4 protein chains.
Amino acid sequence: MGSSFGRLFRIATWGESHGGGLGVTIDGCPPGLPLTEADLQAELDRRRPGQSVLTTPRDEPDTCEILSGTFEGRTLGTPIAVLVRNKDARPAAYAEFSRIYRPSHADYTYQAKYDFRTWQGGGRASARETIGRVAAGAVARKVLAEAFGVEVIAWVDRVADVDAKVDPAAVTRAAVEATAVRCPDEAAAARMVERIEAARNAGDSLGGVVRCVGRGVPPGWGDPVFDKLDADLAKALMSLPACKGVEIGSGFEGTRLTGSQHNDAFFMEDGRVRTRTNRSGGIQGGISNGEDILVAAAFKPTATIAKPQETVNEAGEAVTLKAKGRHDPCVLPRAVPIVEAMVAVVLCDHHLRQRGQCGV
Amino acid sequence: MGSSFGRLFRIATWGESHGGGLGVTIDGCPPGLPLTEADLQAELDRRRPGQSVLTTPRDEPDTCEILSGTFEGRTLGTPIAVLVRNKDARPAAYAEFSRIYRPSHADYTYQAKYDFRTWQGGGRASARETIGRVAAGAVARKVLAEAFGVEVIAWVDRVADVDAKVDPAAVTRAAVEATAVRCPDEAAAARMVERIEAARNAGDSLGGVVRCVGRGVPPGWGDPVFDKLDADLAKALMSLPACKGVEIGSGFEGTRLTGSQHNDAFFMEDGRVRTRTNRSGGIQGGISNGEDILVAAAFKPTATIAKPQETVNEAGEAVTLKAKGRHDPCVLPRAVPIVEAMVAVVLCDHHLRQRGQCGV
Amino acid sequence: MGSSFGRLFRIATWGESHGGGLGVTIDGCPPGLPLTEADLQAELDRRRPGQSVLTTPRDEPDTCEILSGTFEGRTLGTPIAVLVRNKDARPAAYAEFSRIYRPSHADYTYQAKYDFRTWQGGGRASARETIGRVAAGAVARKVLAEAFGVEVIAWVDRVADVDAKVDPAAVTRAAVEATAVRCPDEAAAARMVERIEAARNAGDSLGGVVRCVGRGVPPGWGDPVFDKLDADLAKALMSLPACKGVEIGSGFEGTRLTGSQHNDAFFMEDGRVRTRTNRSGGIQGGISNGEDILVAAAFKPTATIAKPQETVNEAGEAVTLKAKGRHDPCVLPRAVPIVEAMVAVVLCDHHLRQRGQCGV
Amino acid sequence: MGSSFGRLFRIATWGESHGGGLGVTIDGCPPGLPLTEADLQAELDRRRPGQSVLTTPRDEPDTCEILSGTFEGRTLGTPIAVLVRNKDARPAAYAEFSRIYRPSHADYTYQAKYDFRTWQGGGRASARETIGRVAAGAVARKVLAEAFGVEVIAWVDRVADVDAKVDPAAVTRAAVEATAVRCPDEAAAARMVERIEAARNAGDSLGGVVRCVGRGVPPGWGDPVFDKLDADLAKALMSLPACKGVEIGSGFEGTRLTGSQHNDAFFMEDGRVRTRTNRSGGIQGGISNGEDILVAAAFKPTATIAKPQETVNEAGEAVTLKAKGRHDPCVLPRAVPIVEAMVAVVLCDHHLRQRGQCGV
């Protein structure tokens, strides 16, 4: 269990890295939404491997098929099932370390939990699972855009210690897509690329931070006290492979301020309640306040590295692992569309929830 | 909606700051567990206001009553309902700014969402809501202790920029409780107290970081891919009032390392798979690996401050707010039992889930 | 687990027959609804024991208290907690057969499931648990009435083999309440009362059928394929104590017709699609069609009887049981408000769900 | 929403009658269970159309593919995705009445709910949706057989007014499968076949009752008070296309007895608590008692008939419908494996739930 997310806009992913394929079912998408495979493919292409020198050489077209839930190019309101076949699976590449627990991977914990696992490319723990999330996010994004003109944009904000300078209020998707590393600050992007290539050449890997803004979200989304908008965003992002931290608005740094420095003063603008600063990240008491939603997610350095590592195998013997397989030296660039997808899914779910519970 | 949490160990809180009372229902507690009100009261006393000079002067005994779910001192397996009456509610204190949106509080967002709200002490958005969480956490902790000897200990790790030095593997609850600020590093604790008192005297407030360790958790808890143990912990903590960030293991700082620095090497110890470091925070692929569970939560400075603030009222007029009400100049010390409660609830839920789904 | 029901209008009951009390939490009630304890009490009074010669002599005022979720007489949109204290609990009356499994009661199964139980009056399995359902139903009914003028009316349609003749389209609550047995067909009601009194005098008990109509439900409520409106109604009713069967529309008898006899022909009336007959019971494909919702529930004869019965005790010894305790010789009259409550809860949940998922 | 069922053994179906295909995802199947496509295909073959003269001539092999969740012939504990492609879809056959609301079908209600629908063969409301249920039921059955030797057997107990005489304690699947109508009483079966063929020749259709027994279920399954075993069974069965009634144990007829006649006396047998009769249908207080689980489901006569019918179209005009399409003159024979599937799914879910919540 654990493979579904959302209450009214509910997504459920399935699939392993080297099995027959991967996919998602979206239950709760409103009817009448124009939707074709091209809508999903555009996002899947941003996520797919092999798209740049920074990513794994595994060559997967990740072509999707919508199996249900649409008719004559529009959604029916019934579950939308999406299928992506695995094409370039090479399980044999994993055979030699099939009994070895790769450090900071999920091999050992899957074995401990299920007492049985596929050793092929991480199985269900592979980041290929996020294919379904990205497809679902594309649908969520369309719903949000139709209903409120909401747009969700993420970018790589830091790789290792290379920081970018990005204005969340102004950043565009075009600027994000303009660099291979998906950092809209070109100078920082160039340094990030250098660092990633150096890490790869050293048989090593890097981590960093993705930030994301949701613009156009109206006030009122989010359900206190457990399904607060920020709580659901935190769960959605922390459920991503390699994520080790989540922030809303001012995050950890904001805790160094005093209350008088940190509070967001209200004022009126064009008849609308606004805040002069946005340390709240667009969410107060778990409910959106109409300002930009601001979140950040920390991704650890890729666990798969070429350098030899000490570890143990299923028999409990000490062994040295020299990974082969194909992998990204830094997951950040491909994490961008995945973060956007999860943020969009959360927002869409709360959009529908709010419609359900608004006044008598 | 949104007031319940957990799948098999499901808690549901109710109540407003100044209404008839607050409470929780716990559905799914295993039968036969010794449980009396004293078990809950011990934790509620750690959370309650008025316990030290650092906390709000609101004087609430927060005495609990178990209304159902136990018989002759043991749990029945049926829902455990817990009630705490409000005693020292002084709604009149809020009357004068009943139409004013307090900055960085939830007044405006509740009004925007529900088109109706109680202006008495924040209503449902008050941190008094966490009474139910703490009561539920006391039950979860007993289940975990009985089943696995699991213990969950949190502490104040930072206030503003005053850092503590604490060893998660060794910290004891006694050491935490030894200081009013619940920081087991006594020197740091003294500086924290100074800083909090200074902030209060200045009519201001402070934030900081609470860290928490779960010791004794066996491998195998957590349900990929959305209900990963870390994802559920992130949601649980981010749903707390004033929380703006969550980390698991190495968190944001870990993203500055390379993979070869960051990976946790496996080795065998006493026939058990262990890791030499614990940057994973005891969770890999969303599943516990048997090492200590390590989490952190960032709490912003208290939104209620005595300093005058610019804001607007319900009529859309600019006004100056000078808060009265009673409040904590720093929520961190009282957040400690609350963080422990939520971590325990998540662990208990996944303990039961794992029992349900283990091998055929 | 298992003590909550509904997705957007979610109710959760708690409490045992002879514990501190019973109650319900309603999470998801829309904000702004006028609601006071009097609204709930009117329905609780219809359910409470001791209201007529046909019911148990246990004297419980079942006075309710709303502990949260309202402010100045209107709902806040936050959880509504309702508490009813047990007053006339006489656990000692059960002490002598505390180790005996009463036939067709839940004593044995609770023991088998939980390995521990309260022997006082059935504990959680007592029909007193339905207090919370009735309180929640009163809230649901108010939401439905405000939003659509929906009314939900149930009546006793059969006791043993005494059938009533009732027109679902015309029946009024006043007519139902006019007889002690809650059967609006006065002649049948008189025979039913006779039969129930005869059964009681014989130390025996009777069962029967309650029917219920929901009028004013608009087309479009119900969520295929598992949460069909009829499926949720079936679950809601079958979850009632003593219920052994549920029908929608033509039910079991309808299966004796041919398709050409059974089909409900569509026609237009005042610009609205109508059906000439209503064998569908107002639900087609799991979705309301705008006609009256028609359901029926079969209730077995009360398991508690005065006649001696052969059974076994916890030690596995054969024993003869001569029940004391206080009980209803026929649960049907008091089942009427309970059936109405569950039907209203299901309709209200689907009303909110439909709001959430209607067009983009 | 509404396309998933179960809490720990959660199934989610997708697909329309004439779209790209249909399927199911099973989340929560325990790991290590031997499972191949042949296990599912055996059940799908019992459900598929064209298997006898009594069923629709639509020729669908309904060949399934397991896309995920297994490895080397055993389950992984991760979601099992199953796909069945539509082959013999002939949407054109429906084109001529694409704007007509077929009586007692879901055309009108889907239009009313979603404001958009596929007119091809009922879309999501088609009984083809049950393909996913049957595949999931095959998995549930394997889990139950491995864990407890539970077997689930259903049969056609009545067609129109032709009753069968079947002993639930002794009936075998071989006897059920021995007749085209899936009635193990051969004489009754012969009369049922005659009646069905006569109905078809008359352009009409028939309904009836399917009964089902679950043997080998241990005491303790079912979660009071809303997720009682009988309540979940009622929902599962009432969610099936054409189902209008559900009974547990003595059902509606049992309500004609007195309590002393109806109660199931307990006795000891081989150290085990047994009941002398089984009017409870193996469930008391919502929890299994170790006796056979007995349920019945009423299926209305097929809505699609060849006889002309009065109805209206989307424009609100009165029209006469003469259906073409392909359909079953009586759904009962094919309902047998579907009922078994749903009963197995409910039992399997509660098996896992009980494991999760048993003693501390």
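The values are calculated or read from the model by the stated rules, or taken from the named source; none is laboratory data. Since the model is a prediction, treat every value here as computed from it, not as a measurement. Cβ placement follows ideal geometry from the backbone for every residue including glycine, while neighbour counts extend to all protein chains displayed. With ligands, DNA and RNA removed, areas are computed over all heavy atoms of the protein, side chains included. Shrake-Rupley method; radii C 1.70, N 1.55, O 1.52, S 1.80 Å.
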query = Would you call C:Ala190 small (Gly, Ala, Ser), open to solvent by 30 Å² or more (accessible area, probe 1.4 Å), within 14 Å of chain D (Cβ to nearest Cβ) and free of Cβ contacts under 8 Å to residues at least 40 places away in the same chain?
reply = no
query = If B:Lys87 passes every condition in (1) within 12 Å of another protein chain (Cβ to nearest Cβ); (2) open to solvent by 10 Å² or more (accessible area, probe 1.4 Å); (3) under 30 Å from C:Leu22 (Cα atoms); (4) charged (D, E, K, R) but one, which one does it miss?
reply = (1)
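Considering only residues that are more than 7 Å from chain B (Cβ to nearest Cβ) and out of contact with any Phe, Trp or Tyr (no Cβ under 7 Å at 6 or more places or on another chain), which ones fall in the stretch A:106-122?
A:Gln111, A:Tyr114, A:Phe116, A:Gly122
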request  = Could you tell me which numbered condition D:Val209 fails, if it satisfies all but one of (1) over 23 Å from D:Phe266 (Cα atoms); (2) facing chain C (nearest Cβ under 8 Å); (3) part of a helix (DSSP H, G or I)?
outcome  = (3)
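Residues of the stretch B:286-301 being assigned to a strand (DSSP E or B) and farther than 12 Å from B:Trp221 by Cβ, which ones?
Taking the stretch B:286-301 first, the residues assigned to a strand (DSSP E or B) are B:287-288, B:293-299.
Scanning the stretch B:286-301 gives B:Leu294, B:Val295, B:Ala296, B:Ala297, B:Ala298, B:Phe299.
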Among (1) more than 27 Å from B:Asp167 (Cα to Cα); (2) in contact with a Pro (Cβ under 8 Å, 6 or more places away or on another chain); (3) within 11 Å of chain A (Cβ to nearest Cβ); (4) surrounded by fewer than 24 Cβ atoms within 10 Å (Cβ to Cβ), the one test that B:Thr302 misses = (4)
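Test of understanding: among A:Asn289, A:Asn263, which residue is open to solvent by less than 40 Å² (accessible area, probe 1.4 Å), facing chain B (nearest Cβ under 7 Å), on the phi < 0 side of the Ramachandran plot and free of Cβ contacts under 8 Å to residues at least 40 places away in the same chain? It would help to see each step written out before you state the result.
Numbers: A:Asn289 fails: free of Cβ contacts under 8 Å to residues at least 40 places away in the same chain.
Going through A:Asn289, A:Asn263 in turn, just one is open to solvent by less than 40 Å² (accessible area, probe 1.4 Å), facing chain B (nearest Cβ under 7 Å), on the phi < 0 side of the Ramachandran plot and free of Cβ contacts under 8 Å to residues at least 40 places away in the same chain: A:Asn263.
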task = Determine whether B:Ser250 is within 8 Å of another protein chain (Cβ to nearest Cβ), free of Cβ contacts under 8 Å to residues at least 40 places away in the same chain, surrounded by fewer than 24 Cβ atoms within 10 Å (Cβ to Cβ) and hydroxyl-bearing (Ser, Thr, Tyr).
result = no
query = Within the stretch A:144-177, how many residues are open to solvent by 20 Å² or more (accessible area, probe 1.4 Å), under 16 Å from the mean Cα position of the chain (by Cα) and of a type in the set (Gly, Ala, Ser)?
reply = 0
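Return the only residue of D:Leu352, D:Leu321 being open to solvent by less than 30 Å² (accessible area, probe 1.4 Å) and more than 8 Å from every other protein chain (Cβ to nearest Cβ).
Answer to the selection: D:Leu321.
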The stretch D:53-69: number of residues that are open to solvent by less than 40 Å² (accessible area, probe 1.4 Å) and at pLDDT 80 or above = 8
request  = Select from the stretch D:1-50 the residues that are polar (S, T, N, Q) and free of Cβ contacts under 8 Å to residues at least 40 places away in the same chain and write down the one among them that is surrounded by the fewest Cβ atoms within 10 Å (Cβ to Cβ).
outcome  = D:Thr36
remark   = Scanning the stretch D:272-285 for residues that are more than 7 Å from chain C (Cβ to nearest Cβ) and not in a strand (DSSP E or B), the one surrounded by the fewest Cβ atoms within 10 Å (Cβ to Cβ) turns out to be D:Arg276
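Results for (1) closer than 30 Å to A:Pro31 by Cα; (2) touching a residue at least 24 places away in the same chain (Cβ under 8 Å), shown as yes or no for each residue.
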| residue | (1), (2) |
| --- | --- |
| D:Thr109 | yes, no |
| D:Ala136 | yes, yes |
| D:Ala160 | no, yes |
| D:Arg182 | no, yes |
task = Select from the stretch A:310-360 the residues that are among the polar types (S, T, N, Q) and either under 28 Å from the mean Cα position of the chain (by Cα) or under 30 Å from A:Arg215 (Cα atoms) (or both) and list them in ascending order.
result = A:Gln354, A:Gln357
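Residue check: is B:Gly316 facing chain A (nearest Cβ under 9 Å), within 30 Å of B:Pro219 (Cα to Cα) and either open to solvent by less than 40 Å² (accessible area, probe 1.4 Å) or of a type in the set (Phe, Trp, Tyr) (or both)?
no
Do we have A:Thr118 as in contact (Cβ under 8 Å) with a residue 24 or more places away in the chain, part of a loop (DSSP other than H, G, I, E, B) and closer than 21 Å to A:Val339 by Cβ here?
Working: in contact (Cβ under 8 Å) with a residue 24 or more places away in the chain: yes; part of a loop (DSSP other than H, G, I, E, B): yes; closer than 21 Å to A:Val339 by Cβ: no.
When the stated conditions are applied, A:Thr118 does not pass them.
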note = Scanning the stretch D:329-349 residue by residue, those out of contact with any strand residue (DSSP E or B) (no Cβ under 8 Å at 6 or more places or on another chain) and open to solvent by less than 10 Å² (accessible area, probe 1.4 Å) turn out to be D:Ala341, D:Met342, D:Val346, D:Cys348
query = Residue check: is C:Met268 surrounded by fewer than 22 Cβ atoms within 10 Å (Cβ to Cβ) and either under 27 Å from D:Thr275 (Cα atoms) or at pLDDT 95 or above (or both)?
reply = yes
ask   = Of all residues in the stretch B:200-217, which are open to solvent by less than 30 Å² (accessible area, probe 1.4 Å) and under 23 Å from the mean Cα position of the chain (by Cα)?
value = B:Asp204, B:Ser205, B:Leu206, B:Gly207, B:Gly208, B:Val209, B:Val210, B:Cys212, B:Val213, B:Gly214, B:Val217
ask   = Which ones in the stretch B:126-143 are modelled with pLDDT of 95 or more and open to solvent by 30 Å² or more (accessible area, probe 1.4 Å)?
value = B:Arg141, B:Lys142
